[in-house]
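Colleague: My structure is below; once you've seen it, I'll send some questions.
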Amino acid sequence: MIKCEILLTVNEESHSIIARQADTLLFVLRNQLGLTGAKPGCLNGDCGACTVLVDKTPIKSCMMLAIEAAEKPITTIEGLCDTPIQRAFIEQFAFQCGYCTPGFLINAYALTKQHPDADDETIQEWLESNICRCTSYQEIEQAVKSVLAKKHEND
Amino acid sequence: MVPFDFTYHRPSSIEEAVRLFERLHKQGKTPLYYGGGTEIITLSRLNLAFADAVIDIKHIPECCVLRIEQNELTLGAALSLTSIEEANPFPLLTKTASEVADRTARNQITLGGNVCGQIFYRETVLPLLLADCHVVIAGKDGLKQRSIHEVFQQRMRLEHGEFLVQVKIDLSYVSLPHAHTKRRKQGKVGYPLVTVAAIKKDERLHVAFSGVCPFPFRSKTVEEQLNARHLPIETRISRALQYLPKPILNDTEGSVEYRLFVLMNALSDILIPLEEG
């Protein structure tokens with residue numbers, strides 16, 4: 001088994017881990033660092049439940065090697081604390097079972113940061129990266145829009 | 001979870017990458033060049049891809065170039081599809097790329113990975129075929145530049161140890177009138193039933209296809225039929241369909257008959273406005 005030391009910076013904390021060079025970021029986050037917020041869903045890049053930020057960009061962590069993310073800032077759902085999008089998900093009832101929620105939150109967080117003026121088309125394009133089997137799509141979209149609207153109110 | 005082990009290599013130059021490949025091969029290994037990695041990781045789970053060494057080309061400066069210089073657009077093979085979409089130097093490529101997979105996946109999927117991929121849709125090659133672009137390929141004999149039509153025949157015909165570094169597009173193509181449509185079985189994310197991309201250059205239509213056959217293509221014969229302007233467009237389309245390469249895909253996305261029906265309508269929908277515009 002080919003293992004090596006990998007330095008990861010997750011939620012502003014540095015970690016030195018020993019992992020297979022073929023290990024995915026999702027596997028390492030969950031099994032080595034105990035950060036189980038990013039969820040294994042399809043493990044095929046389809047569902048988005050494993051989405052994390054790498055260098056502020058949403059990435060499906062089941063499709064990235066941990067070693068590729070070395071020395072880049074990684075943000076998982078555990079790194080978001082009482083953000084506007086998290087509050088909006090609660091206010092808008094934007095989840096049911098909650099399994100997809102960390103992936104949606106991370107993606108929606110990046111969307112509201114990178115596109116504070118996102119139009120409907122942009123919101124739909126971004127949210128299509130994630131699947132919710134409870135079909136809370138309407139409420140999730142409303143949550144995103146409420147954060148964008150509040151940003152404009154505050155500007 | 002990748003079900004086998006490999007070593008991961010991160011060269012910082014083209015020469016280093018090529019030397020690495022040769023060295024690993026001589027050691028009896030099966031190296032693969034690695035861009036976004038999405039296809040290698042997902043296919044490995046299904047035992048459809050194998051490597052015991054991967055060579056990540058994302059840290060090679062030439063592979064990350066997005067540059068307009070001397071009437072030429074150069075795109076590095078390691079650029080992510082979303083980075084190309086955001087820069088939007090070639091609107092038809094932007095449109096085509098933006099319909100591949102989903103937004104988050106496209107943050108990882110690279111231009112080179114999509115064009116050279118094992119999954120046969122390879123949709124981002126369509127604008128490149130239409131623009132008669134050139135490709136820069138690295139191998140043990142150095143760099144070479146070739147017409148995409150020489151190198152891409154159903155798939156990229158790279159020699160052992162070679163990898164795609166860049167594509168170069170004549171700027172006169174990037175702002176031409178164009179059209180694109182991707183028809184899926186359902187929804188807005190996923191593989192195509194048919195994808196058609198077209199440009200109009202000097203009053204002639206250039207048309208390329210994905211999802212029709214188990215490979216993307218641009219066919220001179222099909223284009224001749226579509227450009228026979230003394231005939232009504234419906235007649236031209238119906239004649240063009242007779243000259244499609246074979247086999248026509250017949251799978252869970254759609255039967256041969258259904259695909260051809262969708263293709264006929266797709267061609268009609270995009271070519272009439274393009275021709276009249």
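The values are calculated or read from the model by the stated rules, or taken from the named source; none is laboratory data. Here the structure is a predicted model, which means the values were calculated and not measured. Note: ideal-geometry Cβ built from the backbone for every residue, glycine included; neighbour counts use all protein chains shown.
Colleague: Identify, by number, the condition in (1) crowded, with 18+ Cβ neighbours inside 10 Å; (2) out of contact with any strand residue (DSSP E or B) (no Cβ under 7 Å at 6 or more places or on another chain); (3) more than 9 Å from chain B (Cβ to nearest Cβ); (4) not in a loop (DSSP other than H, G, I, E, B) that A:Phe27 doesn't meet.
Modeller: Only one criterion is unmet by A:Phe27, namely (3).
Colleague: Here is a follow-up. Do you know which residues across the range B:23-81 are more than 26 Å from B:Thr104 (Cβ to Cβ), of a type in the set (Gly, Ala, Ser) and surrounded by fewer than 22 Cβ atoms within 10 Å (Cβ to Cβ)?
Modeller: B:Gly28, the sole residue that qualifies.
Colleague: Determine, yes or no, whether A:Gly79 is facing another protein chain (nearest Cβ under 8 Å) and either in contact (Cβ under 8 Å) with a residue 60 or more places away in the chain or farther than 24 Å from B:Val189 by Cβ (or both).
Modeller: no
Colleague: Taking the range B:200-252 as the region of interest, how many residues are in contact (Cβ under 8 Å) with a residue 60 or more places away in the chain and part of a strand (DSSP E or B)?
Modeller: 11
Colleague: Next up: Return yes or no: is B:Glu275 over 18 Å from B:Phe217 (Cβ atoms), more than 23 Å from the chain's Cα centre (by Cα) and without any contact (Cβ under 8 Å) to a residue 60 or more places away in the chain?
Modeller: Here the answer is no, as B:Glu275 does not meet what is asked.
Colleague: So the check is Cβ under 8 Å with 6+ separation or different chains; which pairs have a first residue in the range B:22-37 that's within 13 Å of chain A (Cβ to nearest Cβ) and a second one that's surrounded by 20 or more Cβ atoms within 10 Å (Cβ to Cβ) and modelled with pLDDT under 95?
Modeller: Going by the 8 Å Cβ cut-off, there are no qualifying pairs.
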